[in-house]
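To start, the structure itself, in structure tokens.
The values are calculated or read from the model by the stated rules, or taken from the named source; none is laboratory data. The structure displayed is predicted, hence computed values, not measured ones. Heads up, the Cβs are rebuilt from the backbone with ideal geometry, glycines too, and the neighbour counts pull from every protein chain shown.
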Amino acid sequence: MFVQVTRSRTLDKDRFRAMRDQATGGKLLDGELFYVDGYQGDEIWAIDAWETREACDRGMEKWGPAMQAASVSMDDMTLEEFEIDQLHLGSAERLP
């Protein structure tokens, strides 16, 4: 398992969420464990956890067309990854 942390100063919240909805249909993709996003200062942070690298690669195949439609390139974002050794989830509440 691993986590991807994506950050962007050039995408506003509405544009980023519209792009995500187009890529995912508003749901987690196959092999995606969780997804969160939020703003820190003027930068959006999105965190995705994946079961495997292969699941992530399949998910990114869906993101490509959504990014093209929104005229967004990877140059607009920074991406970091790290392996997950443990994953503990608490309450099943969904936050807005």
request  = Of the conditions (1) at pLDDT 90 or above; (2) part of a loop (DSSP other than H, G, I, E, B); (3) more than 15 Å from the chain's Cα centre (by Cα), residue 89 clears all except one; give me its number.
outcome  = (1)
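Quick one: in segment 23-81, of everything that is in a helix (DSSP H, G or I) and of a type in the set (Gly, Ala, Ser), which residue is nearest to residue 2 (Cα to Cα)?
To start, the set of residues in segment 23-81 that are in a helix (DSSP H, G or I) comprises 23-24, 53-69, 74-76.
Then drop every residue that is not of a type in the set (Gly, Ala, Ser), which leaves 23, 55, 59, 64, 66, 69.
Details: 23: 20, 55: 11, 59: 14, 64: 20, 66: 23, 69: 27 Å.
The qualifying residue nearest to residue 2 (Cα to Cα) is 55.
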ask   = Which residues, taken from segment 13-34, are crowded, with 16+ Cβ neighbours inside 10 Å and within 21 Å of residue 83 (Cβ to Cβ)?
value = 29, 31, 32, 33
